[in-house]
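Data first, discussion second: the structure below is written as structure tokens.
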Amino acid sequence: MVNVVITGAAGFLGSRLARELLAAGSLAVAGGGSSRLSRLTLADQAPVAADLAADGRVAAVGADLADLLGSPGAAGEMLAGADVIFHLAAAVSGECEADFDLGVRANLRVTEALLAGCRALGTTPVVVLASSVAVFGGSAEHPLPAVVDDHTLPNPQSSYGVQKFIAEQLLADYTRKGFVRGRAARLMTVSVRPGRPNQAASSFLSGIIREPLAGQRAICPVPAQTAVALASPARAIDGLLRAATSSEQAWGGRTAVTLPALTVTIADMVAALERVAGPDAAALIDWVPDPAVAGLVTGWPARIRASRAGRLGLHPDPDFDSVIRMHLAEAGE
């Protein structure tokens, strides 16, 4: 039997990951044999979806993670018996720029407390950290290369990126010390996300597709020629699951794995929208520059050579048309 914990479980990726795990009914942890999923603990300050809470294998923990993990008894109860912890809870990029203290609390203090709780278990659980491509960036003394690969030095240029990189390093040291088996996976911007926009600087990369498909207007805050690195929701979940299931040898060390990306320009995305949904949908996009958002998004890498992820069997989406069609199929449209 295998017990899994997901933090940030009420969020889009957390709830999707939970559904995939429940549907599969089993998980092969760190290269071992497949074991039946016996308990799935879903932790978030927001309530988890009703269909997830209704599953007999699910234990929903509704609490602020910083407060919960600050209580040794509550933290121990949440993590007890956990074989795999997917740590997805985080404050997003735009929030962290607007509120520095929030980012430090949500992205650093919570991660530190979670790892301390995992160490206290004494069982060396697998901890999968959802990191971000935002750990990369360019500066005068260290320009961003045209293509980011497995040897590119992280150089974050935002509070969110700095916090994610610190979390990666803390996880790596807990792994070095033998407290956990850490797996940090650097996710790309996920598009197309269902639901409502969030405060991430990259939120518009879903909004300019999702809203027009629903007959609603959307704002694009960056120029059409802006290139971005994207992954569909399915590819993002593939990366998180592969992080949990790969053997130590296959994973290949303590450093984070940068996941594959599809490189497109905003113009490419709009052209794909027009091919799939027609010119009326594309006409619903309003081009309203936002220098703050553009400054963050254009500072992230747009071209990724993810050789290490490729050796794990992970690959980018083939094209953005297929990403849109996948979103429509999943939305039942």
Take Gly182 and decide whether it is at positive phi and either β-branched (Val, Ile, Thr) or in contact (Cβ under 8 Å) with a residue 24 or more places away in the chain (or both). no
Within the stretch 315-331, count every residue that is open to solvent by less than 70 Å² (accessible area, probe 1.4 Å) and not hydrophobic (A, V, I, L, M, F, W, C). 6
Any chance you could count how many residues in the stretch 267-292 are under 18 Å from Thr189 (Cα atoms) and open to solvent by 30 Å² or more (accessible area, probe 1.4 Å)? 3
Leu205: of a type outside the set (D, E, K, R), open to solvent by less than 40 Å² (accessible area, probe 1.4 Å) and under 14 Å from the mean Cα position of the chain (by Cα), yes or no? no
Are any residues in the stretch 219-230 open to solvent by less than 10 Å² (accessible area, probe 1.4 Å) and either of a type in the set (Gly, Ala, Ser) or in a helix (DSSP H, G or I) (or both), and if so, which ones? Ala229
Those residues of the stretch 45-80 that are open to solvent by 50 Å² or more (accessible area, probe 1.4 Å), under 14 Å from Ile6 (Cα atoms) and touching a residue at least 12 places away in the same chain (Cβ under 8 Å) come to a total of 5
Taking the options Leu259, Leu312, name whichever one is surrounded by 14 or more Cβ atoms within 10 Å (Cβ to Cβ), farther than 25 Å from Pro143 by Cβ, touching a residue at least 12 places away in the same chain (Cβ under 8 Å) and of a type outside the set (Lys, Arg). Leu312
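The values are calculated or read from the model by the stated rules, or taken from the named source; none is laboratory data. It should be emphasised that the depicted structure is a prediction, and the values quoted were computed from it without experimental measurement. Using ideal geometry, Cβ is built from the backbone for each residue, glycine included, and neighbour counts are taken over all protein chains shown. SASA here: full protein model, heavy atoms, side chains in, ligands and nucleic acids out. Shrake-Rupley method; radii C 1.70, N 1.55, O 1.52, S 1.80 Å.
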